[in-house]
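Read the figures in this text as sums done on the coordinates, not as results from a lab. This structure is a prediction, so every number in the text was calculated from the model and none was measured. We place every Cβ from the backbone using ideal geometry, glycine too, and count neighbours over all the protein chains shown.
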Amino acid sequence: MKTAGAIALFSIVPRKVLGGQGYIAPSDQLTKGIIGVGGIGRSSFHFSSDDSCRLVALCDVDSEHLNSALALAKQRFGEDLQGYHNYRDLISDPNIDIVHIATPPHWHGVMAVEAANAGKDVWCEKPMTRTIGEGKRVVEAIKRNNRIFRLNTWFRFKDTFYGLGTTVEPLKKLVDSGVLGWPLTVRVSGATGFAWKFFWTGKENLVPQAVPSQLDYDMWLGPAPYKPYHPHRTHATFRGYWDYDGGGLGDMGQHYLDPVQYFLGKDETSPIKVEIDAPQQHPDAIGIWRKITYTYDDGCRIILEGEGYESGSKVPYIEGPNGKVFQGFEVELNGKPAPDIMSMIAQMPDPEPQNTDFIKCVKNRERFALNEQNGHRSCNIVNMGVAALRLNRDLEFDPVSQTFINDDAANRLIDQPMRGDYRLL
Amino acid sequence: MKRFFISLGLLLTLAGNAVAQDARQRTPQTIVADVLAEMPYTQKADFDSAMSDLLSTGSFGVTQLAGMLVPADQGQNNRVEYALDGLVAYSSANADEEQLAETRQGLKKAIASATDNANKAFLMKLLSNISRPEDADVFVSALTDPYLSEYALSGLILTPDTDELSLGLISQATLPKTILARLAGAKHLVAAEPVMLGWLRDADAETATSVYKALALAGTAKSLPVLAKAAAVEKYEWLPTDATASYVSLLNRLATNPADAKAVAKDAGALMKKAKNINVRTGAMTALFEAEGAKALPVLLKAMSDPDRQFRMAALRSSECWNSDDAVVAVAALAKKDKTPDVVKTDIINWIGANKYASQVDAALANLDAADDELAQAAFTAASRIGGEEALSALVAHFDSKRDIKAMKALLSFNGDVKDAIMEALADDKSTNMRGCALTVACQRRIKEAAPVALSLLNDEKLSEIAYIALPGVVAPDNIGTLCQLLETSPASRRGTIQQALVAALRQLPAEEQYATLSPYFEKSAKPELYYGALATTGAPEAVDALLSAYKAPSTGKAAFEALLEIDSPRMIDVLYNIALGNDKSNNGAVLKRYVAMVDRYGKDNIDRYNHYRRGLEASGTDETDNLFIGKLASTGTYGALAIADARIANPATAAVSAAAIRSIMSKHVGEYRGEQARSSIVKATDYFKSRTNDPDAGYAVDDLKGILERFDADAATAATPSSKLTPEEEAMGFDLLFDGTSMAKWTGDTTTYIVRDGCITVGEARWGNNIYTADEYGDFIFRFEFSLDRPGVNNGVGIRTPMNVDAAFHGMEIQILDHDDPMYADIQPYQVHGSVYGVIPAERVKFKHGEWNTEEIRAEGDHITVTVNGKVILDGNIRDACQGHAVGDPGEEGNHYMIDHRNHPGLFNKRGHIGFLGHGAGIRFRNVRVLDLNSK
């Protein structure tokens, strides 16, 4: 017993024993390739190369993006990476273990399935897929090929969760304890510290323009329907078009909602109803919305408050029959403030440990904390909202069959045919 | 709903012949024109009603609208697109079969007559959202069109009940086979299998790929040999044709079908041996396990000796579909055998833990002492996940081992209550390790029952250190006396921990009892400074006062100051502000940071926080706190914050945070803050980020701001032309237009809350007291304006004959503006309804519709007040008569029994004053505001 040090040692030092002192055996070092190096794929968090995982290849359909990213890699890691124009060349590159998908969402499903079929593990940016059907196919392909998949948002296991002011862990403990009662209502709103970026809207009346020579627009579109080129449809602003993403909801939705799904314990199901309050949407260019309300079969609700419809400043982030949690983790139980809440929470068992080291998961073949299954479910929340917005009506959903109830038009949005011979086996 | 005639020249001829307001009486042309003029609808009810009208026009409306589509470079299609897409979406849920047929018919006609490819594709997409089998010919005939074929194929795939038709196309094979194969796959056309298998005999690679994928989705066991051969040719690699993936996919799909189980098992077993690629081997195994069920247990057990971890883990996971206890038992047995390699045991234990196989917890427990650290860790984690008595005692027993830390960690997330076991371990006075670990966990888990043990061990030779550290975690309010005594007597080195414990114990009391419990000890102590931290915890007014006076004394100043910064209470906002204003500014950095934290927590709303941050910024004095405040101001999103950031961006020390503030405020409020000032702020921020050439993220900011500026300019261009102007009669009478749709020049007061947007005065995040006033004063007048209540429950008011910045209802008059039918106003008094002279004369109730414009006239001549809304007089009264001349009550009277609201209205008989809008919140617009001064006439 190292008496004095026992508590200090609680902060566990990460294990770093690969290949002995300072030497990394090549077989122990994983490799990755990034598809899409325009925006997020080039951000410092992802554009990394280190002892545990080396960046070996990049792919982009815009030769300017590709060349400048290759130059950046040369400058930062001192290496000449393999550059690819066609993502299939990257996926089939035998030197790559992990395919990192950082393209616009309309590509995520196709690339994840193909990477799995090619035997690669997958790191995929949010939102996971553009449709509910594509998500189902990704789940199947990952299972069939026994791959490790990470959907990349992380608040269910680390970092201060926006308006909460803490990580999600103490909240998970509080919710699990039942102290707040049940069912719970969660309000994701500017008023609770979760801003929706309504900047992501599309433009109507786009006048076609010539495709710039460095861009392979046909490949950029890939499975998306052909529409004449306009720069606003692509790089940095693609989020504003239904063909590629879901606007502000697509942008931040899964980021904000995945942790909610986690602490409500809804990883294996989906809401049964989505209600919207929004202006009519344009069929191509995404607009704003005011409020989206999701209801689960046990009465739990998630309310998204959007443009101009944020509640007054003091609304609870979570509200249950017996208690409320406000922004900054201020808690009220049975109508009274509970300033000692953290000590109360400390008495409750920690949540089940989660596998949060992706590289370790790949090596040990353990499922990552946010994987294809729970990631698909939290993406369903986003895609249910998208369907309701596009049809301008409330929808009911069957979480088991993952189809809308008595709504043929809504169900036609679940499996949207793709352009070209992209099929999700 | 107001209905407009469409201004598009195209439609003028259509719109000329009808004015009726009812859909049943309007001609279809008028309905189309009306709907188009209102596109897009912002409210669902309006949308539904308009679409219902449009639906009533049958196919006519669709063809009319579609006929207006022009090539994208020759005009703007957006409103037509909104209308058609809206109609299709509405029809898909609300139309009966007959109406739906009309909509579809219209779309088909429109597709036939459309000439522009992009528009044709758009219409085809719309049809495919609601298509029926009768529409399939439209899609079939476009399948070979170079532009439209993909839209056509999608449409055909989405159209229900077209299997026979599709089969016919496939059999004829006059269309490209790649397209037909996609059709077969997407529709899961099993009957197409023989035809497609035939195609493979002389297919090129592209066709073959398409067919393989189709077979994966629509094939039967008959396709297995073909795919097996094709995959073998490619050596089970992924490319070039996808044959391997198609093969594995088909195997897995058929595996769930009992009739195919045998064929699948045979192929999958062979594939597992032949393929090298791990995902193919495991994919075959997954199919095999599904097809054979637990019969495949020997394969699973054999897989456990495979050298590849991927293979082992895939085997374990694939076996989960069996739900077989026998399999779990057999696998778990391997984890207990000595000769099983540690890596294999690790996989098994991880798997048992992930699935919480409680019956096999002993396999995990058997490996807690494994020499291999990774295996041992897997065992501890699995034991923790599974829980149960057995696991609990095994974990606690490991307190006395070299795996003590693993054991403690496992207990923290243990699946079940650990308290009794911890208390039992604490009672074990023979093992120091046991008690040390138990105390540690007790502290983390706040097990109060452990407090007596912890207190008794404070002087223990070996456990003293841990006992002290654990103290704050285990104490309860009944330990407060003991803790205070300890505090007085302990050496300085221990005081910090004891103070923490005292704070922890106090916190468990209700807030109002904390100070009373602590004060006896504090007051009688010779060393009161020992209690400052605990005092701060209570947050009580007495505690604040005590600390403030201690702060002023040189000997205790520093300690008291630190404690003051710990107090968590809304009162501290002013206390800290005053400290910051004081003579000693040396600690202002810390003071203002705490001030910000308190404003963050206790500010009532964005306006309140804005006011606090702004005065904080004025008191700041250092770049660091300046930047802190500017950042915080940005988070309020107010116009004032924008103005401050604009003013500070020129200073290099605050430029970065000011630019970020402008970016964040304008990204959220670009549609709202529209003046030249706001535009220039955007430009300044853009210039700032452009200058940051070495910052890779600055490029994103520049793009972002560029988009904001584009939106800003687009909004400005599309903003409705101000509709505010005087009528010729008003002009002749001498009315003064107080608001012309653009300028607030004739107004004063809170022009950051009342802003100009789309030709209206719009109220931002107002709360009570955010008012604007006419620059001039008026005595007798006619005040006319239009207003729209845009949100349920809106509350505002017109102050008349009022001084500025007072409560006009009492120090002048307030003519109420209120959405009085909102349920939250169910209990209001008659003298509070819209149009009332508030508290003095009730008005007749008016019905309002949200989002519609209402006209109002307020006429004040001497004591005579008239209010007219939407042409109807709702109040006509004399303010002097209403209270028998008593604006205030009798001498000595509390209140005023003459007045209907029993209150004093000292300003009721003011001769003149400002006219103002009195804000209570957002959701109202004003326009066409004008006044006639009757005194100057």
Review point. Cα gyration tensor of chain B, axes a ≥ b ≥ c as square roots of the eigenvalues: rounded (a/c below 1.5), prolate (a/b > b/c) or oblate?
Key: oblate
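Could you work out the local net charge near residue B:776, counting Lys and Arg as +1, Asp and Glu as -1, over the other residues with Cβ closer than 10 Å to its Cβ? Present the calculation step by step, with values, prior to reporting the outcome.
Details: positive: B:746, B:912; negative: B:736, B:777, B:933.
Net of charged neighbours comes to -1.
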**Study point:** Electrostatic dipole magnitude of the range B:732-933 [Cβ: Lys, Arg +1; Asp, Glu -1; Cα centre; debye, to 20]
**Key:** 400 debye
Point to revise | Hits among lysines - C-alpha to C-alpha of residue B:604 under 20 Å, sequence gap 8 or more where chains match | key: A:314, A:324, A:336, B:593, B:632
Check your understanding: Which semi-axis lengths, in whole Å and largest first, follow from the square roots of five times the eigenvalues of the Cα gyration tensor of the range B:286-334?
Key -> 15, 13, 8
Point to revise | Calculated [θ] (222 nm, deg cm²/dmol) that DSSP helices of n ≥ 4 give over the protein assembly as shown, each run adding -39,500 (n - 2.57) | key: -14000 deg cm²/dmol
Check your understanding: Among A:127, A:112, A:101, which residue has its Cα positioned farthest towards the positive end of the charge dipole of the range A:93-145, with +1 placed on the Cβ of Lys and Arg, -1 on the Cβ of Asp and Glu, and the dipole taken about the Cα centre?
Key -> A:127
Study note, to complete from the structure: The Kirkwood hydrodynamic radius of the range A:186-231, taken as the inverse of the mean 1/r over all distinct Cα pairs, in Å, comes to 13.8 Å
Practice item. Using label points projected 7 Å from each Cα along Cα→Cβ, tell me how many nm separate residue B:460 and residue B:302, to one decimal. Key: 5.7 nm
Exercise for review: Would you mind computing Rg(Cα) / (2.2 N^0.38 Å) for the range B:732-933, counting N as its residues?
Suggested key: 0.96
Practice item. Express in whole angstrom the spacing between the alpha-carbon centres of the range B:890-928 and the range B:270-316. Key: 83 Å
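Taking other Cβ within 10 Å of each residue's Cβ, how do A:53, A:59 sort, fewest first?
In order of increasing Cβ crowding within 10 Å: A:53, A:59.
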Point to revise | Proximal lysines to residue B:847, defined as alpha-carbon separation beneath 19 angstrom and excluding residues fewer than eight positions away on the same chain | key: B:2, B:872
**Study point:** Alpha carbon convex hull of the range A:24-152, projected area averaged over orientations, nm²
**Key:** 7.2 nm²
Check your understanding: If you wrap a convex hull around the Cα atoms of chain A, how much volume per residue is inside, in Å³?
Key -> 157 Å³
Practice item. For the protein assembly as shown, just the Cα set please: Rg and Dmax, both in angstrom. Key: 35.8, 111
Review point. Average partner chain C-beta neighbours within 10 Å, per residue of B:87-93?
Key: 5
Exercise for review: Might you report the magnitude of the Cβ-based charge dipole of the range A:24-152 about its Cα centre, with Lys and Arg at +1 and Asp and Glu at -1, to the nearest 20 debye?
Suggested key: 500 debye
Practice item. Please go through the residue pairs B:266/B:336; A:360/B:337; B:409/B:448 and name each one whose alpha carbons sit more than 22 Å apart in this structure. Key: B:266/B:336; A:360/B:337
Review point. Just A:109, A:299, A:253 to compare: in a GNM of chain A, with alpha carbon springs under 10 Å, which one fluctuates most?
Key: A:299
Point to revise | For A:418, A:128, order by how many other beta-carbon atoms lie within 10 Å, fewest first | key: A:418, A:128
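So what's the net charge close to residue B:475: Lys and Arg +1, Asp and Glu -1, counting the other residues with Cβ under 12 Å from its Cβ?
Once all neighbours under 12 Å are counted, the net charge is +1.
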**Study point:** Nonlocal amide H pairs with residue A:152, under 5 Å, H built at 1.01 Å
**Key:** A:124, A:125, A:126
Point to revise | Efficiency of FRET from Cβ geometry, residue B:338 and residue B:571, R₀ 41 Å, rounded to 0.05 | key: 0.05
Check your understanding: Within 10 Å of each Cβ of A:407-417, how many other protein chain Cβ atoms are there on average?
Key -> 5
Revision key, fill the gap. Karplus ³J(HN,Hα) for the range B:816-825 (6.51 cos²θ - 1.76 cosθ + 1.60, θ = phi - 60°; Hz, whole; x = Gly/Pro) runs 4, 10, 7, 7, 6, 8, 5, x, 5, 9
Revision key, fill the gap. Taking every other residue with Cβ under 12 Å from the Cβ of residue B:882 and scoring Lys and Arg +1, Asp and Glu -1, one gets -3
Exercise for review: Over the whole of B:276-287, what's the average partner chain Cβ count within 10 Å per residue? Rounded to a whole number, please.
Suggested key: 4
Study note, to complete from the structure: Least to most buried among A:359, B:447, by other C-beta atoms within 10 Å and fewest first, runs A:359, B:447
Check your understanding: Once Lys and Arg get +1 and Asp and Glu get -1 on their Cβ, which of B:88, B:60, B:612 lies farthest toward the positive end of the dipole of chain B?
Key -> B:88
